[in-house]
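A short write-up of the structure that comes next.
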Amino acid sequence: MNTLAALPKGPPHLVPRLIIIALASLFIFYHITMLADFVRWNDQTSDAIYNCVQAALRVGIIVSLALVVLGKRFALWTMWLSIGGLIMTHYWAHFGMVEADFTIDRHPLSYLKGLIMPSIVTMAFLYRRR
């Protein structure tokens, strides 16, 4: 049985578009709130370079997700690069090169959960383009 046949009928590719809009909007909102905390100096580490790198990567994520919503294919690459970079900064802090509270009692693999939503967005984007 084809599972795609069970999708609701409507304008072509409406479901993937809604998935992209919903997840991208949630991600954009989350990263904007994290940037707002950065501006207010909440939940910062003691390393200014680390904080600036994370802020720049969050801006990259926000911009790339907005472009993904608009249907720009190259934005998938920038989204993945920005999110991958952000995950790498978490490992940078986790393995002791930066002192950060969010690393306390966390398993190193827990940072990889940040790949789930971008994977869903990518699959929906590529399905919509088929």
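Given the criteria out of contact with any strand residue (DSSP E or B) (no Cβ under 7 Å at 6 or more places or on another chain), assigned to a loop (DSSP other than H, G, I, E, B) and either free of Cβ contacts under 8 Å to residues at least 12 places away in the same chain or open to solvent by 20 Å² or more (accessible area, probe 1.4 Å) (or both), does Gly114 qualify?
no
Residue by residue through the range 101-130, note down the ones that are over 17 Å from Gly71 (Cβ atoms) and charged (D, E, K, R).
Of everything in the range 101-130, those that are over 17 Å from Gly71 (Cβ atoms) and charged (D, E, K, R) turn out to be Asp101, Asp105, Arg106, Lys113.
Looking at His31 and the list (1) under 18 Å from the mean Cα position of the chain (by Cα); (2) more than 24 Å from Leu109 (Cα to Cα), which single condition is not satisfied?
It fails just one condition, (2).
Of all residues being open to solvent by 20 Å² or more (accessible area, probe 1.4 Å) and free of Cβ contacts under 8 Å to residues at least 24 places away in the same chain in the range 47-70, which is farthest from Met34 (Cα to Cα)? Just the residue, please.
Leu70
Scan the range 85-105 for residues that are surrounded by 12 or more Cβ atoms within 10 Å (Cβ to Cβ), over 15 Å from the mean Cα position of the chain (by Cα) and at pLDDT 85 or above and report the count.
Residues in the range 85-105 being surrounded by 12 or more Cβ atoms within 10 Å (Cβ to Cβ), over 15 Å from the mean Cα position of the chain (by Cα) and at pLDDT 85 or above: 4 in total.
Based on this model, can you work out whether Ile28 counts as in contact with a helix residue (DSSP H, G or I) (Cβ under 7 Å, 6 or more places away or on another chain), surrounded by 13 or more Cβ atoms within 10 Å (Cβ to Cβ), at pLDDT 95 or above and aliphatic (A, V, I, L, M)? Even if it seems obvious, please write down each step before you answer.
Values: in contact with a helix residue (DSSP H, G or I) (Cβ under 7 Å, 6 or more places away or on another chain): yes; surrounded by 13 or more Cβ atoms within 10 Å (Cβ to Cβ): yes; at pLDDT 95 or above: yes; aliphatic (A, V, I, L, M): yes.
It is true that Ile28 is in contact with a helix residue (DSSP H, G or I) (Cβ under 7 Å, 6 or more places away or on another chain), surrounded by 13 or more Cβ atoms within 10 Å (Cβ to Cβ), at pLDDT 95 or above and aliphatic (A, V, I, L, M).
The values are calculated or read from the model by the stated rules, or taken from the named source; none is laboratory data. Just so it is clear, the structure is predicted and the values come from calculations on it, not from any experiment. Glycine gets a Cβ as well: all are built from the backbone with ideal geometry, and neighbour counts include every protein chain shown. Remember, those area values only see protein heavy atoms, side chains included, never the ligands or the DNA or RNA. Shrake-Rupley method; radii C 1.70, N 1.55, O 1.52, S 1.80 Å.
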